[in-house]
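Step one of this worksheet: look at the structure below.
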Amino acid sequence: MAEDKPWALISEIGDQGFVEEVSDILKCHFHIICLKDFLQNPQLHGPKIQALLLWSAKPAPVPSLLSLLPSLKVVANGGVGIDHINVPYVTGLGVKVTNTPAVVSDATADMAMGLLLASARRIVEGHQISIDPKMTNIPQNLLGAEVTGSVLGIIGMGHIGYKIAQRSKGFDMKILYHNRNRRSVEDEQAVGARYCENMDELLKESDFVVLVVDLTPESTGLISHRQLSLMKPTATLVNVSRGLVVDQDALVKALQSGTIRAAALDVTYPEPLPRDHPLLSLPNVLITPHIGTNTHTTVRRIVEKMVENAVAAVKGLPIPNECKPR
Amino acid sequence: MRCLTYARCMGKLWFPAAQSSRLLKLSNLHRCELQRQYIKVMAEDKPWALISEIGDQGFVEEVSDILKCHFHIICLKDFLQNPQLHGPKIQALLLWSAKPAPVPSLLSLLPSLKVVANGGVGIDHINVPYVTGLGVKVTNTPAVVSDATADMAMGLLLASARRIVEGHQISIDPKMTNIPQNLLGAEVTGSVLGIIGMGHIGYKIAQRSKGFDMKILYHNRNRRSVEDEQAVGARYCENMDELLKESDFVVLVVDLTPESTGLISHRQLSLMKPTATLVNVSRGLVVDQDALVKALQSGTIRAAALDVTYPEPLPRDHPLLSLPNVLITPHIGTNTHTTVRRIVEKMVENAVAAVKGLPIPNECKPR
């Protein structure tokens, strides 16, 4: 039975790769070899490998690796963002590229809302004060920003962005959005969202700005000095897209000078940030280590979808989520 | 302005031939005195109120204007310098964070007291029969606290479920070199939310969680209308045990009464799923804290997120402070600039009405 299973290369099973609890899904459909073992004898292992299964952008699908994989049929990503894959290059080798849209959306939207609320209501600070061995009196001056009834500006109203709109409607937030394309009137009315063709208008009016775009040449550095200066000094920036969508140096200056109130970032560039990076020590920054899809349920669903795509590609069958060059 | 006009008037009367420079000098000399008299005349209309303090342990500075607009304010420390002198003036006791405590040793010093006005909706710290028995009104501030508290409950739920505090600590840890892939949390979308206490705040929590496609169960002293239930897709659980067994997230949104004290203890925690999270935005005493500690240590439940404890703050050696699966915030459920201001406005409105003997918007009567 085992002889029927194709071989797949991964980074590892463990805290730096696919978590142990999903390894059964991988092993059900593939013989798995991890990068460390592969590199012991690439000449031996290379020709067997038909699938490269990426988690957290690893192993990097670059020429120095792909040249060792003459039988490769597919680079299958776990997750929807594929900015780390040179799609024209990979497909130019005759190798399919796949990702996992849709299945990531709920968890990422939940994360965006969690970051927004945690930042607005100063939950991390509150916890630190509460457990501080030296704290003797509850402070009355730990005040945050009102979420209910505030203005939410969503930059990137795709599958994830729209789910953020659905969630924030329950908080009576007024929703503005900016997108490459305007959504249908029904979609807008269902969440009470107003389209801002000009992103500047959204930036000026929002109390919370949430970035939910994919990283492309057009969205790189989308939020820089000028955009931050348009925002309210009481506004919060939330980023669940990619670190490079934000000009981080501009963000540091804006946070230090009070140009904006605070930032909550699930993504940075690089990940992790260098340990001496100013973002790590600013009091008005909340950073999480790219855990936007990190629930037991969603990680499992992502891996199932990734494997489904990879199996289809290896078998030459129609691929559910194929990524083609633009 | 009025002082200067008054000065000019007085100047003309006393020194009809005064030159402008002498008038100016006269104005400067008398401005302080005239201002003092002016303010005194206006001020005599304002009643006196006793508070704990203005500052980080009492009413924050940014709301002091609201207090001073309607009352002469004396803080407890100054009051206690000379209670015999100050006591008879005081008609209102304005409470923030349950202070100053409206207990006999204080109230006996306030013979003219008309009202104990609370900032906030919970009044478990006030012995209402005792205070009203003295002929003193008790007031609170319902409704105005609800949005911010519901937002806090959702924030605690999400922060706990998605391990945001841990994530931040890892992200800023000077020793962190690689992003861990094993910081996994609980799925919120589509999960089951059990709301214990579906009053004004509880219902707003239901409205918020609907946007996350959560299935909502609720337990309440009284069932809500069918329309209310359908609007948020909530199912009534007459038996709280049923709610405890089925919920992924249990949120406590009750007021503290003899009936709700220790509502969540060993038995209730043992009914909950081992993957479930307890969120408390009501009062610390609603939960048996020793039972909670054991449940968290043993994995009987996954985690707890508490904006309230008993006491506040917890003793520094309390086990809750060191459990990895506990998120604690220092009773900040209504702590936004906007909401704090609204609470103080409502509190003052109630107090002024009581002092003037007018109908009181939010009077609390003994049960």
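Using a 10 Å cut-off around each Cβ of peptide B:204-216, what is the average number of partner chain Cβ atoms that fall inside?
On the way: counts 4, 1, 1, 4, 10, 2, 4, 12, 8, 4, 0, 0, 0.
Mean inter-chain Cβ contacts per residue within 10 Å come to 4.
Could you sort out which of A:Lys134/B:Lys346; A:Lys169/B:Lys294; A:Lys174/B:Lys68; A:Lys27/B:Lys175; B:Lys204/B:Lys245 sit more than 26 Å apart by Cα distance in this structure? If you can, show how the numbers build up before the last one.
Numbers: A:Lys134/B:Lys346 34 Å; A:Lys169/B:Lys294 38 Å; A:Lys174/B:Lys68 34 Å; A:Lys27/B:Lys175 34 Å; B:Lys204/B:Lys245 23 Å.
Checking Cα-Cα distances, A:Lys134/B:Lys346; A:Lys169/B:Lys294; A:Lys174/B:Lys68; A:Lys27/B:Lys175 exceed 26 Å.
Could you run the Karplus curve 6.51 cos²θ - 1.76 cosθ + 1.60 with θ = phi - 60° over segment B:293-309 and give me ³J(HN,Hα) per residue in whole Hz, x for Gly and Pro?
4, 4, 5, 6, 5, 8, x, 4, 10, 6, 6, 9, 10, 10, 8, 9, 9
Counting only DSSP beta bridges with both residues in chain B, tell me the antiparallel percent, nearest 5. Don't jump to the answer; show the numbers that get you there.
Values: 2 of 42 bridges.
Of all bridge pairs located within chain B, approximately 5 percent are antiparallel.
What dipole magnitude, in Debye to the nearest 20, does segment B:248-325 give about its Cα centre under +1 on Lys/Arg Cβ and -1 on Asp/Glu Cβ?
Working: 6 positive and 8 negative charges, 55 e Å.
So the magnitude is around 260 debye.
Excluding residues on the same chain fewer than 8 positions from A:Lys324, give the lysines whose Cα lies under 24 Å from its Cα.
A:Lys58, A:Lys73, A:Lys96, A:Lys305, A:Lys315
Measuring from label point to label point, each 7 Å out along Cα→Cβ, what is the B:Arg223 to A:Asp24 span in nm?
Output for this residue pair reads 4.1 nm.
Can you tell me the order of A:303-310, A:281-288 when each peptide is scored by its average per-residue count of other Cβ atoms within 10 angstrom, highest first?
Values: A:303-310: 23.2, A:281-288: 19.5.
Listed from highest to lowest mean packing, they are A:303-310, A:281-288.
Using a Gaussian network model on chain B with a 10 Å cutoff between Cα atoms, which of B:Glu187, B:Glu246, B:Glu345 fluctuates the most?
Taking springs between Cα atoms under 10 Å, the residue moving most is B:Glu187.
Where q = 0.20, 0.24 Å⁻¹, what log10 of I(q)/I(0) comes from the Debye formula for segment A:211-326, counting one point per Cα?
-1.06, -1.34
Per residue of segment A:74-80, what does 6.51 cos²θ - 1.76 cosθ + 1.60 with θ = phi - 60° give for ³J(HN,Hα)? Whole Hz please, x for Gly and Pro, Karplus curve as stated.
8, 9, 9, 8, x, x, 8
Can you list residues from other chains, or at least 5 along the same chain, whose modelled amide H is less than 5 Å from the amide H of B:Ala305?
Distant-sequence amide H within range of B:Ala305: B:Leu278, B:Val279, B:Asn280, B:Leu327.
Helix-only mean residue ellipticity at 222 nm, chain B, DSSP H runs n ≥ 4 weighted -39,500 (n - 2.57), per residue, nearest 500. What is it?
On the way: 15 runs with 150 residues, N = 367.
Calculated at 222 nm, the ellipticity per residue is -12000 deg cm²/dmol.
5 Å is the cut-off here: which amide hydrogens, built 1.01 Å from N in the peptide plane, fall below it relative to B:Lys137, excluding neighbours closer than 5 in sequence?
Amide H neighbours of B:Lys137, under 5 Å, 5+ apart: B:Val115, B:Val116.
Between segment A:201-233 and segment B:157-209, what is the separation of their alpha carbon centroids in Å?
Segment A:201-233 and segment B:157-209 have Cα centres spaced 25 Å from each other.
For a Förster distance of 45 Å, can you work out the FRET efficiency between the beta-carbons of B:Asp317 and A:Leu93, rounded to the nearest 0.05? Intermediate values should be presented prior to the final figure.
On the way: r = 62 Å, r/R0 = 1.38.
Using R0 = 45 Å, I get an efficiency of 0.15.
Need one number: nm distance between label points at B:Ser112 and A:Ser184, each 7 Å from Cα along Cα→Cβ, rounded to one decimal.
In this crude spin-label approximation the distance works out to 6.9 nm.
Is there a simple number for the mean count of other chain Cβ atoms within 10 Å of the Cβ of residues in B:187-193, and what is it?
Working: counts 10, 10, 10, 2, 3, 0, 0.
Partner-chain Cβ atoms within 10 Å, mean over residues of B:187-193: 5.
Once phi is turned into θ = phi - 60°, what whole-Hz ³J(HN,Hα) does the Karplus curve with 6.51, -1.76 and 1.60 give for every residue of segment B:103-120, x standing for Gly and Pro?
Result, ordered by residue: 10, x, 4, 8, 4, 5, 8, 10, x, 9, 4, 10, 8, 9, 9, 8, x, x Hz.
Dividing the alpha-carbon Rg of the protein assembly as shown by 2.2 N^0.38 Å yields what?
On the way: Rg = 30.3 Å, N = 693, 2.2 N^0.38 = 26.4 Å.
In units of the 2.2 N^0.38 Å rule of thumb, it is 1.15.
Determine one quarter of the surface area of the Cα convex hull of chain A, which equals its mean projected area, and express it in nm² to one decimal.
Details: hull surface 77.0 nm².
Computed as one quarter of the Cα hull surface, the answer is 19.3 nm².
Modelled label-to-label distance, B:Asp241 and B:Val103, 7 Å Cα→beta-carbon offset: nm?
Those two pseudo-labels are separated by 4.0 nm.
Viscosity 0.890 mPa s, temperature 25 °C: give me the Stokes-Einstein translational D for segment B:125-266 in µm²/s, with Rh taken as the Kirkwood radius over C-alpha pairs.
On the way: Rh = 17.5 Å.
It comes out at roughly 141 µm²/s.
Taking H placed 1.01 Å from N in the peptide plane, check which residues at least 5 places from A:Cys323 or on another chain put their amide H under 5 Å from its amide H.
Under 5 Å from the amide H of A:Cys323: A:Val97, A:Thr98, A:Asn99.
Any read-out appearing in this document is the output of simple, stated calculations on the displayed coordinates, not a laboratory observation. Please read all numbers here as calculations on a predicted model, not as lab measurements. Note: ideal-geometry Cβ built from the backbone for every residue, glycine included; neighbour counts use all protein chains shown.
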